[in-house]
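K.L.:
Take this structure, written in structure tokens, and hold onto it; I'll ask about it next.
The values are calculated or read from the model by the stated rules, or taken from the named source; none is laboratory data. The model shown is predicted, which means the values in this text are computed figures rather than measured ones. Cβ coordinates were reconstructed from backbone atoms using ideal geometry, including for glycine residues, and neighbour counts include every protein chain displayed.
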Amino acid sequence: MRQRVDNLVGFGSESIWVSTFHSMCVRILRRYIDRMGYDHRFTIYDTDDQKTLMKEVCRKTDVDTKRFKERMLLSVISSAKNEMVMPDEFELNAGGDFAQQQIAKVYREYEAQLKSNNALDFDDLLVRTVQLLDTQPDVLENYQERFRYIMVDEYQDTNTVQFKLVSLLAGKYRNLCVVGDDDQSIYKFRGANIRNILDFEKEFPDARVIKLEQNYRSTENILNAANGVISNNKGRKEKTLWTDNGEGEKITLRQFDTGYDEAEFIAEDIKESVQEGASYNDSAILYRTNAQSRLFEEKFIAMNIPYKIVGGINFYARREIKDILAYLKTIDNGQDDLAVRRIINVPKRGIGLTTINRIQESAAARGISFYEAVLAPKLIAGVGRSVSKLDSFAALIEYFKGQTKLESLTDLLNEIIEKTGYIESLDADDPEDAETRIQNIEELVSKAAAYEEDCADRDETATLSGFLEEVALVADIDSLDEDQDYVVLMTLHSAKGLEFPRVYLAGMEDGLFPSYMTVTGDDPEELEEERRLCYVGITRAEQKLTLTCARRRMIRGETQYNKLSRFVREIPAEVLKTGSEKNKGWFGGREDSLAWDPAEDNTPESIENSVPFGRNTYSNAKKALRAQAYGGKAGTSVLQKGSQLTAGKGGKLSYAVGDRVCHVKFGEGTVLDIKEGGREYEVTVEFDKAGVRKMFAMFAKLVKVE
DNA sequence: CGGTCACCAGTTTTT
DNA sequence: CTGGTGACCG
């Protein structure tokens, strides 16, 4: 979007804000949130943090987490926030209902804790901004003038707060343009309010509606498939897409015995297409659940196909990453008790649970933050033994705080890793696991370096809070690089707004897509949302669409037998290619598969034969690939030409004392010394421009120059 | 305080 | 299959 705007507008386009709702709100809040009693260095809580906080809240309010699951509480609170229902009103609405009253109590405490941690959750970013604009006329005026023209894309996915926000901002000049497609509304589960788009004409009676029914992306066959599916939905604005792109290829449909076969076919099909002249980045594999990505990853590694998985188990949700980030948060905003508590004993410092709880109680009683209490441990009753340990922890953090002013973010990160002995502790914990985790930390360091580079490019100063923000808000999808040649794998949700010449929709099975939840539940609305998701998936394809499914599939360690997805049946038969062929994956006609009975064949004994290789083979292959691929800008699982393995545990360094080497940031220099400490090499280099520096070989990524 | 073991629950999609 | 939690012991 940014690129398109820049290209269209040209000179001056940099002053146009192009961002998600959430990051726009952060930008506004960073400037004005002090008016609402927060510190401008607030931290942003992700889903994980929310859950940790919620546990704490439930303990404090004596709410039984067996009866009220944290997840459920958070989702109720989130919906309330999205409708701008604050705790007072929520309590009022609860009336005499005991459960609702309990939730109201939790909601109130949750908000209080967020506030005292100087933290905002994702919903708060929107809600607080609306409150800010609602209560501060001068701020509102400022932004109304700043944004005299507003355009909202994917409007069908906005929720009530976002609607309010847009209404406020556009309230003065009323230059508002929204673009959306009710058939692509797929975020009801996170509060998207479809009424926003369906009732737009009522809210803005003077609005002009322009229907965009011509599609410039896909072939006729693909559009006919999409139309066929979506026409089964009831509550929608009737429309039929058309194109003059020509009929195009028919849609391929294939059913396989197992998910392994499915992955193998797709991998081979992609390889074939590349041999015929296509690029890897012409192809995308879309699936319903993140878990499906693993099989493809296995196959791609085995077949040496470059790929990138978007989303999935969030990188920033990994333990080691959260630990390091918690250090950064503690350094940046000592008020975030969650972060401080997370790291006070990581790596182990002999500060136990009893001590932590005593600190917590003492801090709460005195109305100060956890970290403030740690700064003066002698004032806390009953921690006598740990005083010296707490002192040295506080000294460490204070030291880092001082360093933020003196050194770059990457240097700070490296110093944290070094001074805390984090790597060593990982190794001591679980040497098997440590390898991957260390690589993740490396990746974090390079992300920080990339962030600093970006800031330099834009003439902005790289700040710790800036980086933490990026970490919390920037979607993984933004790291897609069109210039790199890799197959993209992602969920259907992530794929919205993107397009690819060749698209594979994998796992077209009832119980997977539509999901088990919607098939067993009896909410027709949810099924309609899944159908819209299918519509989104089909319309990502420009030229070639391939649908695949498996008869049986391992899910959570159990084999599931699935029928062909009901959505496939909704595709007009004439656009499908279902004829038989020599390849094993074809099936003749759809009937046999619809009526297919798991009891007929596929006894459990036959399953193991289809497993291509064992877990260890897989994890080894993956490690090898990662090591090989490492060196990329964002450090993803992408094979890159010319990348080289620099150093790691057990690996030999490609340079020695006296050699000339090159560093990404410091330029060329001479190696003065190499020390082998534990699992790492500490290299001392005299750089021509940057002077003498010590660094871990693993992070420094030094390259020998001749 | 820290480590180990056994048990249990959970599992769609994301900013 | 995974991750988290609680009980127990050194």
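K.L.:
Please specify each residue of the stretch A:323-368 satisfying the condition of being within 24 Å of residue A:120 (Cβ to Cβ), among the small types (Gly, Ala, Ser) and either in contact with a helix residue (DSSP H, G or I) (Cβ under 6 Å, 6 or more places away or on another chain) or surrounded by 23 or more Cβ atoms within 10 Å (Cβ to Cβ) (or both).
P.N.:
A:326, A:334, A:339, A:363
K.L.:
Among the residues of the stretch A:346-366, which ones are under 15 Å from residue A:385 (Cβ atoms), within 16 Å of DNA strand C (Cβ to nearest atom) and of a type in the set (A, V, I, L, M, F, W, C)?
P.N.:
Residues satisfying the conditions are A:351, A:353, A:356.
K.L.:
To continue, here is another question. Of everything in the stretch A:406-427, what is outside any helix (DSSP H, G or I) and farther than 17 Å from residue A:329 by Cα? Give them in sequence order.
P.N.:
Initial filter on the stretch A:406-427 (outside any helix (DSSP H, G or I)): A:407-408, A:421.
A:421, the sole residue that qualifies.
K.L.:
I'm trying to understand the selection: among the residues of the stretch A:305-344, which are away from DNA strand C (no atom under 14 Å from the Cβ) and part of a loop (DSSP other than H, G, I, E, B)?
P.N.:
Scanning the stretch A:305-344 gives A:305, A:306, A:310, A:311, A:333, A:334, A:335, A:336, A:344.
K.L.:
Okay, moving on. Please state which one of A:430, A:459 is charged (D, E, K, R), more than 19 Å from residue A:342 (Cβ to Cβ) and surrounded by fewer than 20 Cβ atoms within 10 Å (Cβ to Cβ). Walk me through how you get there before you give the answer.
P.N.:
Working: A:430 fails: more than 19 Å from residue A:342 (Cβ to Cβ).
Result: A:459 is the single residue among A:430, A:459 that is charged (D, E, K, R), more than 19 Å from residue A:342 (Cβ to Cβ) and surrounded by fewer than 20 Cβ atoms within 10 Å (Cβ to Cβ).
K.L.:
Only one of these is in contact with a strand residue (DSSP E or B) (Cβ under 8 Å, 6 or more places away or on another chain), closer than 26 Å to residue A:434 by Cα and not aromatic (Phe, Trp, Tyr): A:304, A:290. Name it. First the steps, then the outcome.
P.N.:
On the way: A:304 fails: in contact with a strand residue (DSSP E or B) (Cβ under 8 Å, 6 or more places away or on another chain).
One residue alone meets the criteria, A:290.
K.L.:
Would you please name the residue that is surrounded by the fewest Cβ atoms within 10 Å (Cβ to Cβ), looking only at residues in the stretch A:197-212 that are under 19 Å from residue A:497 (Cα atoms) and within 32 Å of the chain's Cα centre (by Cα)?
P.N.:
A:212
K.L.:
Determine, yes or no, whether residue A:271 is within 16 Å of DNA strand C (Cβ to nearest atom), out of contact with any Ser or Thr (no Cβ under 8 Å at 6 or more places or on another chain), among the basic types (Lys, Arg) and not in a strand (DSSP E or B).
P.N.:
In short, no.
K.L.:
Filter the stretch A:376-395 down to residues that are in a helix (DSSP H, G or I), aliphatic (A, V, I, L, M) and buried (at least 16 other Cβ atoms within 10 Å of the Cβ) and give me whichever is modelled with the lowest pLDDT. Reasoning before the result, please.
P.N.:
In the first step, residues of the stretch A:376-395 are kept if they are in a helix (DSSP H, G or I); the result is A:377-379, A:384-395.
Remaining after also requiring aliphatic (A, V, I, L, M): A:379, A:387, A:390, A:394-395.
Next, only the ones that are buried (at least 16 other Cβ atoms within 10 Å of the Cβ) stay: A:390, A:394.
Details: A:390: 89, A:394: 92.
If we take residues in the stretch A:376-395 being in a helix (DSSP H, G or I), aliphatic (A, V, I, L, M) and buried (at least 16 other Cβ atoms within 10 Å of the Cβ), then A:390 is modelled with the lowest pLDDT.
K.L.:
Only one of these is under 27 Å from residue A:336 (Cα atoms) and more than 27 Å from the chain's Cα centre (by Cα): A:62, A:49, A:39, A:97. Name it. Explain how you work it out, then say what you get.
P.N.:
On the way: A:49 fails: more than 27 Å from the chain's Cα centre (by Cα); A:39 fails: more than 27 Å from the chain's Cα centre (by Cα); A:97 fails: under 27 Å from residue A:336 (Cα atoms).
Result of the check over A:62, A:49, A:39, A:97: A:62.
K.L.:
Of these, A:309, A:305, which one is away from DNA strand B (no atom under 12 Å from the Cβ) and in contact with a Phe, Trp or Tyr (Cβ under 9 Å, 6 or more places away or on another chain)?
P.N.:
Numbers: A:309 fails: away from DNA strand B (no atom under 12 Å from the Cβ).
Selected residue: A:305, the only one of A:309, A:305 that is away from DNA strand B (no atom under 12 Å from the Cβ) and in contact with a Phe, Trp or Tyr (Cβ under 9 Å, 6 or more places away or on another chain).
K.L.:
Among the listed residues A:373, A:291, identify the single one that is touching a residue at least 12 places away in the same chain (Cβ under 8 Å), in a helix (DSSP H, G or I) and within 14 Å of DNA strand C (Cβ to nearest atom). Give the steps one after another, and end with the answer.
P.N.:
Numbers: A:373 fails: within 14 Å of DNA strand C (Cβ to nearest atom).
Answer to the selection: A:291.
K.L.:
Is one or more of the residues making up the stretch A:219-231 over 27 Å from the mean Cα position of the chain (by Cα), under 30 Å from residue A:81 (Cβ atoms) and either of a type in the set (Val, Ile, Thr) or loosely packed, with under 12 Cβ neighbours inside 10 Å (or both)? Before the answer, list the steps.
P.N.:
Filtering the stretch A:219-231 for residues over 27 Å from the mean Cα position of the chain (by Cα) gives A:219-231.
This time we only want the ones that are under 30 Å from residue A:81 (Cβ atoms), so: none.
No; the residues of the stretch A:219-231 include none that is over 27 Å from the mean Cα position of the chain (by Cα), under 30 Å from residue A:81 (Cβ atoms) and either of a type in the set (Val, Ile, Thr) or loosely packed, with under 12 Cβ neighbours inside 10 Å (or both).
K.L.:
Do we have residue A:48 as closer than 23 Å to residue A:315 by Cα and either within 14 Å of DNA strand C (Cβ to nearest atom) or at pLDDT below 85 (or both) here? I'd like the intermediate steps shown before the answer.
P.N.:
Values: closer than 23 Å to residue A:315 by Cα: yes; either within 14 Å of DNA strand C (Cβ to nearest atom) or at pLDDT below 85 (or both): yes.
Against the criterion (closer than 23 Å to residue A:315 by Cα and either within 14 Å of DNA strand C (Cβ to nearest atom) or at pLDDT below 85 (or both)), residue A:48 qualifies.
The rows are residues; the columns are (1) touching a Leu at 6+ places or on another chain (Cβ under 8 Å); (2) away from DNA strand B (no atom under 16 Å from the Cβ); (3) aliphatic (A, V, I, L, M).
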site: A:294; (1), (2), (3): no, no, no
site: A:325; (1), (2), (3): yes, no, yes
site: A:338; (1), (2), (3): yes, yes, yes
site: A:346; (1), (2), (3): no, no, yes
site: A:351; (1), (2), (3): yes, no, yes
site: A:380; (1), (2), (3): no, no, yes
site: A:385; (1), (2), (3): no, no, no
site: A:401; (1), (2), (3): no, yes, no
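K.L.:
Picking from A:287, A:280, which residue would you name as being away from DNA strand B (no atom under 16 Å from the Cβ) and farther than 29 Å from residue A:41 by Cα? Let's see the steps before the verdict.
P.N.:
Numbers: A:287 fails: away from DNA strand B (no atom under 16 Å from the Cβ).
A:280 is the lone residue from the list that is away from DNA strand B (no atom under 16 Å from the Cβ) and farther than 29 Å from residue A:41 by Cα.
K.L.:
Hey, among A:296, A:315, which residue is among the hydrophobic types (A, V, I, L, M, F, W, C) and modelled with pLDDT under 85?
P.N.:
Working: A:296 fails: modelled with pLDDT under 85.
Checking each option against the conditions leaves just A:315.
K.L.:
Contact list please: Cβ distance under 7 Å, first residue in the stretch A:14-27 and closer than 14 Å to residue A:127 by Cα, second residue part of a loop (DSSP other than H, G, I, E, B), pairs at least six apart or on different chains.
P.N.:
Filtered contacts from the stretch A:14-27: A:24/A:17.
K.L.:
When you scan the stretch A:46-66, how many residues do you find that are near DNA strand B (Cβ under 10 Å from one of its atoms) and part of a loop (DSSP other than H, G, I, E, B)?
P.N.:
Qualifying residue count for the region: 3.
K.L.:
Let me ask you something else. Would you mind finding the one in A:540, A:532 that is surrounded by 18 or more Cβ atoms within 10 Å (Cβ to Cβ), within 11 Å of DNA strand B (Cβ to nearest atom) and within 22 Å of residue A:576 (Cβ to Cβ)?
P.N.:
On the way: A:540 fails: within 11 Å of DNA strand B (Cβ to nearest atom).
When all the criteria are applied, what remains is A:532.
K.L.:
Something else now. Which of the residues spanning the stretch A:206-240 are without any contact (Cβ under 8 Å) to a residue 60 or more places away in the chain and among the hydrophobic types (A, V, I, L, M, F, W, C)?
P.N.:
Across the stretch A:206-240, the qualifying residues are A:207, A:209, A:210, A:212.
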